[in-house]
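So the structure is just underneath, and the comments pick up after that.
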Amino acid sequence: RRGHGTQAMDDDTLLLARDGAVATLRLLRPVADAALDRTSAAALVRQLDELEADDALRVLVLRYDGDAETGAAAAGADDASATAGAVERLGRFTRPVVAAIDGGALGVALELALACDLRVGTHGASYGLPRIRVGAMPYAGATQRLPRLVGQGRAFDMVLSGDAVGTAEARRIGLLQRVVDPAQLDASVHLLATAMAQAAPASMRLTKEALHQGLEMTLDQGLRMELDLYLLLFSTADRVEGITAFRDKRRPRFSGA
């Protein structure tokens, strides 16, 4: 699974493609707004655990199709629990994760994206959390992650009204970082992930840690943590390589050490 262009199937629910330090994990079943099915949720957790242990991996792309459901379906307790566990595992992944969403994302399809670090969507899609309209509520992290991403007021509007937003609005409020034509989704995301994978692994991992952990801290606490992590990077061989490459005016050859 670590070679160039290799692929692996997991219970007909996932397809893993590898291109050097970038892995693309594709969900083969459209993500419904109510829940992942238990087979897909278990396969996703299992695959994320395997990828987490791969030291050669630097960036993960999660590629999936949104579902056109309207929010009328309800998730059973078992499916909801399995889905929430899979999304939570995704949110704890230590390497950067880019969500590549083909089409709209309602309910769980959006909550899955919120657990990623960057989100790339396609023109003409819509994004929303309609569960309030059927006597339910988001359960896979949206009430916690969305306010941190787009601000409390905008998040309250989306969650409490159930209204969806289009791609232009999603891009404006920071829900999506990039919007592309559907035909260009894979190429655009691969270009982004490949560029990110050029960074030193420890630098990328600690930077992601600072960004996420800082949201739970006061400003003073976050600033101290940021400096501590920066100083920690001085103990890595990649930090020396980065400085040497800069002085030699060449591209650094990071080893992950």
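Some values worked out for this structure:
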{"read-out": "Number of the condition not met by residue 167 [criteria: (1) loosely packed, with under 13 Cβ neighbours inside 10 Å; (2) in contact with a Ser or Thr (Cβ under 9 Å, 6 or more places away or on another chain); (3) not aliphatic (A, V, I, L, M)]", "value": "(1)"}
{"read-out": "Subset of the stretch 96-122 that is part of a loop (DSSP other than H, G, I, E, B), touching a strand residue (DSSP E or B) at 6+ places or on another chain (Cβ under 6 Å) and at pLDDT 95 or above - its residue that is most open to solvent (accessible area, probe 1.4 Å)", "value": "117"}
{"read-out": "Total residues in the stretch 213-242, condition of a type outside the set (Asp, Glu), open to solvent by 70 Å² or more (accessible area, probe 1.4 Å) and part of a helix (DSSP H, G or I)", "value": "13"}
{"read-out": "In the stretch 196-207, residue most open to solvent (accessible area, probe 1.4 Å) [restricted to those that are in contact (Cβ under 8 Å) with a residue 60 or more places away in the chain and assigned to a loop (DSSP other than H, G, I, E, B)]", "value": "199"}
{"read-out": "Residues of the stretch 129-154 classified as crowded, with 21+ Cβ neighbours inside 10 Å, in contact (Cβ under 8 Å) with a residue 40 or more places away in the chain and over 20 Å from residue 212 (Cβ atoms), total", "value": "2"}
{"read-out": "Candidates 163, 157 - the one that is more than 17 Å from the chain's Cα centre (by Cα) and either on the phi > 0 side of the Ramachandran plot or outside any helix (DSSP H, G or I) (or both)", "value": "163"}
{"read-out": "Selected residue (only one of 245, 187, 193, 210 is open to solvent by less than 70 Å² (accessible area, probe 1.4 Å), assigned to a helix (DSSP H, G or I) and in contact with a helix residue (DSSP H, G or I) (Cβ under 7 Å, 6 or more places away or on another chain))", "value": "210"}
{"read-out": "Filtered residue count, the stretch 15-35, keeping only those that are in contact with a helix residue (DSSP H, G or I) (Cβ under 7 Å, 6 or more places away or on another chain), modelled with pLDDT of 90 or more and crowded, with 19+ Cβ neighbours inside 10 Å", "value": "4"}
{"read-out": "Top-ranked residue of the stretch 36-95 - restricted to ones that are closer than 22 Å to residue 186 by Cα and either basic (Lys, Arg) or open to solvent by 40 Å² or more (accessible area, probe 1.4 Å) (or both), ranked as modelled with the lowest pLDDT", "value": "68"}
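The values are calculated or read from the model by the stated rules, or taken from the named source; none is laboratory data. Since this is a predicted model, take the numbers as computed values, not measurements. Reconstructed Cβ throughout: ideal geometry from the backbone, glycine too, with neighbour counts over all protein chains shown. Ligands, DNA and RNA are stripped out before the accessible areas are found, and what is left, the full protein with its side chains, is counted by its heavy atoms. Shrake-Rupley method; radii C 1.70, N 1.55, O 1.52, S 1.80 Å.
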